[in-house]
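Peer 1: Here it is: the structure, laid out below.
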Amino acid sequence: MNSIETAQRARILIRGIVQGVGFRPFIYNLANTHSLKGWVLNSTEGVSIEVEGESENLRKFIQQIHEKAPPLAVIDFVDVSYLTKD
């Protein structure tokens, strides 16, 4: 199986105390660590992320959002939606 066949794409919304605590740079660095591509931005709903890459890397990325979040961050809610690839 090649990497195209095992790639996944997800849209993630994180709510809580996630703005003004270094959360976006944390997400950027975590995505780079797992060789994922995408974007992250603050919105009125929280932090929005869209990310794509190897399914195992994506799984680890989502898990480590909770495990390695910045010390001042408080994650109240995480919604993950897996997207179909166009």
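The values are calculated or read from the model by the stated rules, or taken from the named source; none is laboratory data. As the structure is a prediction and not an experimental result, all values here were calculated from the model. Cβ: placed from backbone, ideal geometry, glycine included. Neighbour counts: every protein chain shown.
Peer 1: Which one of Ile62, Ile75, Ile49 is modelled with pLDDT of 95 or more and over 13 Å from Arg11 (Cβ atoms)? Talk me through it step by step, then tell me what you get.
Peer 2: Details: Ile62 fails: over 13 Å from Arg11 (Cβ atoms); Ile49 fails: over 13 Å from Arg11 (Cβ atoms).
Checking each option against the conditions leaves just Ile75.
Peer 1: Please pick out the residue among Leu36, Leu13, Leu41 that is hydrophobic (A, V, I, L, M, F, W, C) and either on the phi > 0 side of the Ramachandran plot or surrounded by fewer than 12 Cβ atoms within 10 Å (Cβ to Cβ) (or both). Break it down stepwise before answering.
Peer 2: Details: Leu36 fails: either on the phi > 0 side of the Ramachandran plot or surrounded by fewer than 12 Cβ atoms within 10 Å (Cβ to Cβ) (or both); Leu13 fails: either on the phi > 0 side of the Ramachandran plot or surrounded by fewer than 12 Cβ atoms within 10 Å (Cβ to Cβ) (or both).
Exactly one of Leu36, Leu13, Leu41 is hydrophobic (A, V, I, L, M, F, W, C) and either on the phi > 0 side of the Ramachandran plot or surrounded by fewer than 12 Cβ atoms within 10 Å (Cβ to Cβ) (or both), namely Leu41.
Peer 1: Can you run down the residue pairs with Cβ atoms below 8 Å, 6 or more apart or on separate chains, where the first is in the range 6-28 and part of a loop (DSSP other than H, G, I, E, B) and at pLDDT below 95 and the partner is of a type in the set (S, T, N, Q) and surrounded by fewer than 18 Cβ atoms within 10 Å (Cβ to Cβ)?
Peer 2: From residues that are part of a loop (DSSP other than H, G, I, E, B) and at pLDDT below 95, the pairs are Gln19/Asn42.
Peer 1: Of all residues in the range 54-79, how many are part of a strand (DSSP E or B) and either among the small types (Gly, Ala, Ser) or touching a helix residue (DSSP H, G or I) at 6+ places or on another chain (Cβ under 6 Å) (or both)?
Peer 2: Total meeting the criteria: 1.
Peer 1: For Phe26, state whether it is under 20 Å from Leu83 (Cβ atoms), within 12 Å of the chain's Cα centre (by Cα) and surrounded by 19 or more Cβ atoms within 10 Å (Cβ to Cβ). Walk me through how you get there before you give the answer.
Peer 2: Working: under 20 Å from Leu83 (Cβ atoms): no; within 12 Å of the chain's Cα centre (by Cα): yes; surrounded by 19 or more Cβ atoms within 10 Å (Cβ to Cβ): yes.
Against the criterion (under 20 Å from Leu83 (Cβ atoms), within 12 Å of the chain's Cα centre (by Cα) and surrounded by 19 or more Cβ atoms within 10 Å (Cβ to Cβ)), Phe26 does not qualify.
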